[in-house]
Amino acid sequence: MFRIFLPALAWLDLQGIERRTRKVSQWIDRFFDSAIEKRMNVTGKEENKSKKDFLQYLLELTKRDSESASMTMKEIKAILIDIVMGGTETTSTTMEWVVARLLQHPEAMKRVQEEMDTLIRIPIVQITVLRSCHEGNTSFASPLPFCCPSQTSIVGGYTIPKGAQVMLNMWTIQRDPEIC
């Protein structure tokens, strides 16, 4: 906040945010470097051709001769960080909203709790109450602000090409009775 009002003093890190951010960033770098290194050591010792995971496929791209088909270790680490951080953020945001909505609707929370109590005894495909809560929450509070249309569309006289990233105000859309 300090930086916004006095940009000349932006170099001051009075709250320690920059320092903490650097520390977390370095920890994340070390974590992914370690995971990549471990996989490289395992891959070098025992080539298991039948059971490859995503990281193994990425590591194979570093060995390709073609510049357009190869990847650097830095690029591989960036992809892994994107996948893990992206998946973590959307999941935690979704769960926060589910819990918040359930707290506002105690009767629904009681039904979910009852279903969870029987969870051990029923197959996962029969978990209908929790699934309904999740689907209802996703339509109410989407963790993703972007959407990619699957076909070219015209909205309000504007052509939106297939595959274009479009940022929508999902909060408004999901609450406007004329749209829903």
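Details
Let's see how each residue does on (1) at pLDDT 85 or above; (2) outside the structural domain of residue 27 (by TED's automatic domain parsing); (3) within 29 Å of residue 165 (Cβ to Cβ):
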position	(1), (2), (3)
45	no, no, no
51	no, no, no
58	yes, no, yes
86	no, no, yes
109	yes, yes, no
126	no, yes, no
131	no, yes, yes
136	no, yes, yes
148	no, yes, yes
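- Evaluation of residue 140 against (1) under 19 Å from the mean Cα position of the chain (by Cα); (2) among the aromatic types (Phe, Trp, Tyr); (3) over 22 Å from residue 93 (Cα atoms) (one fails), failing number: (3)
- Tabulated pairs, region 95-106, first farther than 14 Å from residue 135 by Cα, second surrounded by 11 or more Cβ atoms within 10 Å (Cβ to Cβ) and not polar (S, T, N, Q), C-beta under 8 angstrom, 6+ apart or interchain: 103/109
- Region 156-180 - residue that is surrounded by fewer than 10 Cβ atoms within 10 Å (Cβ to Cβ) and β-branched (Val, Ile, Thr) and, of those, modelled with the highest pLDDT: 159
- The criterion of at least 3 residues that are polar (S, T, N, Q) and within 30 Å of residue 39 (Cβ to Cβ) is met by the following helices (runs of 4 or more DSSP H) wholly inside region 67-180: 73-104.
The values are calculated or read from the model by the stated rules, or taken from the named source; none is laboratory data. Here the structure is a predicted model, which means the values were calculated and not measured. Methodologically, a virtual Cβ is constructed for each residue, glycine included, from the backbone with ideal geometry; neighbour enumeration extends over all protein chains shown.
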